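The values are calculated or read from the model by the stated rules, or taken from the named source; none is laboratory data. Please read these numbers as outputs of a predicted model, since none were measured by experiment. Note: ideal-geometry Cβ built from the backbone for every residue, glycine included; neighbour counts use all protein chains shown. These accessible areas exclude ligands, DNA and RNA; they are computed on the full protein's heavy atoms, side chains included. Shrake-Rupley method; radii C 1.70, N 1.55, O 1.52, S 1.80 Å.
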Amino acid sequence: MKRCNTITAILFLLLLAGGFGLLLTSFFGGEGKLEGLLRAAAQDGDLTAVLEEAESASNSDLDRDHLFIQLYGGIQRLTGRRVVEDAVAGNTVVKLSTGALNFVDMSVSSLDPEVPLAHARQTADFAGDLAAEGIPFLFVTAPQKIQRETDLLPAGLEEFGNDCADAFLEELEALGLEWFDLRPLFETNGIYSGWFFQTDHHWKPEAAFFAWQHLAQVLDMAYGFHTPTAWTDPNNWSTKLLEDYFLGSQGKRVGSLYAGVDDFTIYTPEFDTYLTYTSQDGGFSRAGPFQQSVCFPERVAAADWFGGNPYTYYSGGDYGLATITNHNNPEGPRIVLLRESFSCALAPFLALSCSELTTIDLRYFDGDLMDAIRGLDPDLVMTLYTASSTRLDELFAFGGTE
């Protein structure tokens, strides 16, 4: 960074410091060197130390690109701007009326009503192929960050995720397919926005655990796949809260000053578990208790807002095909889960309800889906998607469902 640019940035922040202490306390999230310099200068009015040491301090705390993301986001917050446009249309970040961030595709102004209907018919065709093999199918709709029948977007903007999901499920019903909608459960339990990260579009681990509790009941009642109630009892799990640890995909585009950062919760069972988790395209095979096999402690070893992704503590990330074998539930079902990124947080919990859980992410899967499923010989195939138009496009665009 050129020295004149650094000085300009520092002087700008010092100007803000007088009236906006919040910006200083959240700039680097903790004990950053530059934050300390700013605090000292703001208190005694002496710029000497800042001007002499700002270059090395800013480079130590944050790389050059992120420094200006932080400054830019801070300015947007101060001016009350709720739409931060991106060169990529689908990556425009908006601030909801709850204060949380969300992506909005500025190029989409309406929902083509044929899209969810076409996807429902494709889903029915896929379910028919499974039925011919004697394999039942269940579509599970994950909740979206924007609650149904709420007006959270800035004036003039629209988002059609829930409309698409509603039309899709209505058509599935007409076609006679089995489906389970998680959205009502989240709408009637707690504060809806609290189930999601402030700076990311995904649900929190708390939400994934809650979803698993109810899916375990569905699997039991509809298919006879029983999960011991002790396993789904939150009293038999310990939790550890990592404070100010996660800057999500939306937050990374606007910096921590714009909407803050998120806490992240680590779940650890207090009962005995032993699982093996393998993925050829992921290049790993892990075995051991829950917290060492299906969870990745290395992903939360240190807070790294821009370079890290604590969300992948659960499952490790998105892989074309991965299999979790639960050695402590050998009589459980074999389930294939067609997934997207929401299932990162869910899959480790769901695996406890199975003898074997195989996850397939069609965005990265390379092969014939039906051939793969035949080889796995599952007792059930599930799909977990948010069922928005974009997500359904992902489900059917990456080969293998036809």
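The rows are residues; the columns are (1) farther than 30 Å from Ile75 by Cβ; (2) in contact with an Asp or Glu (Cβ under 9 Å, 6 or more places away or on another chain).
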position: Gly255; (1), (2): no, no
position: Phe271; (1), (2): yes, no
position: Asp281; (1), (2): yes, yes
position: Ala287; (1), (2): yes, no
position: Gln291; (1), (2): yes, no
position: Cys295; (1), (2): yes, no
position: Val300; (1), (2): yes, no
position: Asp304; (1), (2): no, no
position: Thr312; (1), (2): yes, yes
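Of the residues in segment 353-383, how many are under 20 Å from Asp318 (Cα atoms), open to solvent by 10 Å² or more (accessible area, probe 1.4 Å) and assigned to a loop (DSSP other than H, G, I, E, B)?
6
So, in segment 70-102, exactly how many residues are in contact (Cβ under 8 Å) with a residue 24 or more places away in the chain and open to solvent by 50 Å² or more (accessible area, probe 1.4 Å)? Quick ask: steps written out before the conclusion?
So the first thing to find is which residues in segment 70-102 are in contact (Cβ under 8 Å) with a residue 24 or more places away in the chain, and the list is 70-74, 76-78, 82-84, 86, 90-91, 93-102.
Next, only the ones that are open to solvent by 50 Å² or more (accessible area, probe 1.4 Å) stay: 72, 77-78, 82, 97-98.
Residues meeting the conditions: 6.
Could you list, in sequence order, the residues of segment 330-341 that are touching a strand residue (DSSP E or B) at 6+ places or on another chain (Cβ under 9 Å), surrounded by fewer than 23 Cβ atoms within 10 Å (Cβ to Cβ) and assigned to a loop (DSSP other than H, G, I, E, B)?
Just the residues of segment 330-341 that are touching a strand residue (DSSP E or B) at 6+ places or on another chain (Cβ under 9 Å), to begin with: 332-340.
With the extra rule that they be surrounded by fewer than 23 Cβ atoms within 10 Å (Cβ to Cβ), the set shrinks to 332-334, 340.
Correct list: Gly332, Pro333, Glu340.
Collect the residues in segment 182-218 that are part of a helix (DSSP H, G or I), under 16 Å from Tyr314 (Cα atoms) and touching a strand residue (DSSP E or B) at 6+ places or on another chain (Cβ under 8 Å), keeping them in residue-number order.
Taking segment 182-218 as the starting set, the residues that turn out to be part of a helix (DSSP H, G or I) are 183-187, 192-195, 205-218.
Remaining after also requiring under 16 Å from Tyr314 (Cα atoms): 205-212.
Passing the criteria: Pro205, Glu206, Ala207, Ala208, Phe209, Ala211.
Does Thr150 meet the test of being of a type outside the set (D, E, K, R) and surrounded by 17 or more Cβ atoms within 10 Å (Cβ to Cβ)? Show your work before the answer.
Numbers: of a type outside the set (D, E, K, R): yes; surrounded by 17 or more Cβ atoms within 10 Å (Cβ to Cβ): no.
No.
When you look at Gly255, is it touching a residue at least 40 places away in the same chain (Cβ under 8 Å), open to solvent by less than 50 Å² (accessible area, probe 1.4 Å) and out of contact with any helix residue (DSSP H, G or I) (no Cβ under 6 Å at 6 or more places or on another chain), yes or no? Before the answer, list the steps.
Numbers: touching a residue at least 40 places away in the same chain (Cβ under 8 Å): yes; open to solvent by less than 50 Å² (accessible area, probe 1.4 Å): yes; out of contact with any helix residue (DSSP H, G or I) (no Cβ under 6 Å at 6 or more places or on another chain): no.
It is false that Gly255 is touching a residue at least 40 places away in the same chain (Cβ under 8 Å), open to solvent by less than 50 Å² (accessible area, probe 1.4 Å) and out of contact with any helix residue (DSSP H, G or I) (no Cβ under 6 Å at 6 or more places or on another chain).
State whether one or more residues within segment 390-400 are at pLDDT 95 or above and either over 14 Å from Thr227 (Cβ atoms) or hydrophobic (A, V, I, L, M, F, W, C) (or both).
First, pick out the residues of segment 390-400 that are at pLDDT 95 or above: none.
Within segment 390-400, not a single residue is at pLDDT 95 or above and either over 14 Å from Thr227 (Cβ atoms) or hydrophobic (A, V, I, L, M, F, W, C) (or both).
Taking segment 73-93, which residues are closer than 19 Å to Ser256 by Cβ, assigned to a helix (DSSP H, G or I) and under 21 Å from the mean Cα position of the chain (by Cα)?
Once the filter is applied, which keeps residues that are closer than 19 Å to Ser256 by Cβ, assigned to a helix (DSSP H, G or I) and under 21 Å from the mean Cα position of the chain (by Cα), segment 73-93 yields only Asn91.
Return only the number of the condition from (1) touching a helix residue (DSSP H, G or I) at 6+ places or on another chain (Cβ under 6 Å); (2) over 20 Å from Gly161 (Cα atoms) that Phe68 does not satisfy.
Result: Phe68 fails condition (1) only.
Applying the selection to segment 231-252, what residues are among the hydrophobic types (A, V, I, L, M, F, W, C), open to solvent by less than 40 Å² (accessible area, probe 1.4 Å), under 21 Å from the mean Cα position of the chain (by Cα) and closer than 30 Å to Asn326 by Cβ?
Leu242, Phe246
Select from segment 219-230 the residues that are open to solvent by 40 Å² or more (accessible area, probe 1.4 Å) and in a helix (DSSP H, G or I) and list them in ascending order.
Asp220, Met221, Ala222, Tyr223, Thr229, Ala230
Collect the residues in segment 279-308 that are farther than 30 Å from Gln70 by Cβ, charged (D, E, K, R) and either open to solvent by 60 Å² or more (accessible area, probe 1.4 Å) or out of contact with any helix residue (DSSP H, G or I) (no Cβ under 9 Å at 6 or more places or on another chain) (or both), keeping them in residue-number order.
Asp281
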